[in-house]
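Remarks on the structure that follows.
Every number here is computed from the coordinates shown, using simple stated rules; none is lab data. Remember, predicted model here, so these are calculated numbers, not experimental data. Note that each Cβ is placed from the backbone with ideal geometry, even for glycine, and that neighbours are counted across all protein chains shown.
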Amino acid sequence: MTPAHPTGPAESARTTAAGDPATTVLNAAGRPVARYSVRPDVAARLSPRPYLHPVTTLAGTVVTESGPADHPHHLGVSVAVPDVDGHNFWGGRTYVRDRGPVERADHGVQRHTAFPLRDGDGFVEELRWTTAAGDDLLRERRTVAALELTGTAWALDFTFALTNTGDRTLTIGSPATNGRPGAAYGGFFWRAPKEPGAPVVRTPTAEGEDAVHGTRADWLSLSGDGWTLVFAGVTAATRRDPWFVRAGEYPGVGSSLAHGERLAVAAGSTLVRRVVTVVADGALDRDGAAALVRRAVGA
């Protein structure tokens, strides 16, 4: 990613009051492959946040979905967390211990504040995570870049760093930590398009939703009709997070921050996660997926 220019191929015609674009475009191999909504106009119950959609393969196949009927709060590729100190940054219903899912006015907002760097192949973004009342909980620095791999594949390199700027420890939870087994979602999340058949899910050693959900693996692939996504945790901390996987009900993959217990973020500390996703045309087998991951992460 090169330093941002005041204008350039990533900037759309419409800009926000602050002068930043309302949307920005990522390019790989000389063509647009993803659009990033900076300040999306979505309902409060969806936990408004910047997100990538549509994301496409180099051949133009769309591999994200936003606002689907089954889960309207699924917004393409984003960072979504269901419980930050009791505030919902995932969207939809909030899962409360001993009460199940309930509708509450506790949805937070991820507010874009600036692009310190921005160009056609990526950006660095500053955000504030605020409560419904407008109070800051976290500050985020997000780094996103597109990298050409081959004539049929590119990679999305997505890093987020959450800093607790307050004077007390915050904790991050999930429905699983509130008593709902198997629902350990929250963190980097990719909603893929729903097709007539369920996508094929693989890791280096297992296959199928039941076999890979909740496990730790260096990479995980999701293959649909003419496309494959391969997700890889790049840092040691990211690889310790189990994968959240759905294929039958809907296609989605995430890296879970709070799987078995709440994750504490002490005052003044920063939590960092980095996920690289290979976006490929065609159905990749294990060897093909592993080879592209190695190329994407420089291993």
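Based on the Cα coordinates of the chain, what is the per residue volume of their convex hull in Å³? Before the final figure, lay out the partial values.
On the way: hull volume 37.9 nm³, N = 299.
Expressed per residue, the convex hull around the Cα atoms of the chain is 127 Å³.
Would you mind computing, in nm to one decimal, how far apart the modelled labels at Arg180 and Ala161 are, each placed 7 Å from Cα along Cα→Cβ?
3.3
How would you rank His73, His107, going from fewest to most other Cβ atoms within 10 Å of each one's own Cβ?
His107, His73
Once the piece of chain linking Glu261 and Arg240 is laid out straight, how much longer is it, given 0.36 nm per residue of separation minus the C-alpha distance between them?
6.2 nm
How far is it, in nm, from the label point at Ala69 to the one at Arg216 when both lie 7 Å from their Cα along the line to the Cβ?
Taking the two extended label points, one gets 4.1 nm.
Work out the FRET efficiency for Thr171 and Thr205 from their Cβ-Cβ distance, taking R0 = 30 Å, and round it to the nearest 0.05. Kindly include the intermediate steps, with their values, before the conclusion.
On the way: r = 32 Å, r/R0 = 1.07.
For Thr171 and Thr205, the calculated efficiency is 0.40.
Counting other Cβ atoms within 10 Å of each Cβ, which GluC sites (Glu not before Pro) in segment 101-201 have at most 12 and sit in a DSSP loop?
Those satisfying the criteria are Glu103.
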